Amino acid sequence: MKMLAEAPGLYLGFISLHLVLGHLGSSLLYRLRFGRSPLAYRSGAADTSHTRTTRLISGVSLLWAVSVAAAALWPAWSSFPWGRSLFSVPPVIGWVLGGMGLVGMLSAQYGMGEAFRIGVDAGEHTPTLHERGLHRYSRNPIYVFSLLYLVGASLWAPSLLTLASLASLGALFHALVLQEERYLATRLGADYTRYLQRVPRYL
């Protein structure tokens, strides 16, 4: 946590890449590749339960980011019970896990090609079953690598609030996955059932 406070721009800049590249950057790249937006949750027919969970994730993500930013920029933060670092690990571990998570997440997003969506479109659009690339080994590599990224970044400031937010995000990711599985099972039928039997949900 000391190094985080000594070089906040470096650490917080890396943390911001999850949003800049993983959401904004991937959306822009998708539009350039396919001529439309992948933001399915903006559709008027978007699944409401999925949208609610996505909003919860946004809120908890903001809380997580605030806790890490406070550790980097506010020296008094560590004096509070919820801001005190619970343990210490070499910063390089966070960099390695965070880097692996970011690269894996972006690779999984790009590898999905035209099938990539942010959110669920419950309208007339029929989703495409993507079984190539990282999806041959995990049904949800984007969530797996996103969580790995967050774990790595959390190790730089492992306070009670940061770790509680991280655990909440993991639970919300799982809830989102279950909702998406129900949606895909309804839309894709037997093909998706065979995919479920062949490929693990996470690892």
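Just so it is clear, none of the values below were taken in a lab; they were calculated from the coordinates. Every value quoted in this text rests on a predicted model; they were computed, and no experiment measured them. Don't worry about glycine lacking a Cβ; one is built from the backbone with ideal geometry, like all the others, and counts go over all protein chains shown.
Packing around the peptides 97-109, 144-156, 14-26, taken as the average count of other Cβ atoms within 10 Å per residue, puts them in this order, highest first: 144-156, 97-109, 14-26. Helix 91-111 axis versus longest C-alpha principal axis of the chain: approximately 20°, rounded to the nearest ten.
Between the Cα long axis of helix 141-154 and the first principal axis of the chain there is an angle of about 10°, rounded to the nearest 10. The amide H of Ser159, built 1.01 Å from its N in the peptide plane, has Leu86 as neighbours under 5 Å, considering only residues 5 or more places off or on other chains.
Each peptide in 163-171, 185-193 was scored by the mean count of other Cβ atoms within 10 Å over its residues; highest first, the order is 163-171, 185-193.
Put simply, the amide H of Val120, placed in the peptide plane, has neighbours under 5 Å in Tyr41, Asp47, leaving out anything fewer than 5 places away on its chain. Computing FRET efficiency as 1/(1 + (r/R0)^6) for Leu56 and Gln197, where r is the C-beta to C-beta distance and R0 is 45 Å, gives about 0.90. Can you tell me the 0 to 90 degree angle between the C-alpha axis of helix 160-188 and the longest principal axis of the chain, rounded to 10? Computed tilt is about 0 degrees.
Of the options [x] 13.8; [y] 11.5; [z] 21.0, only one is mean projected area of the Cα convex hull in nm² as computed from these coordinates, and that is [y].
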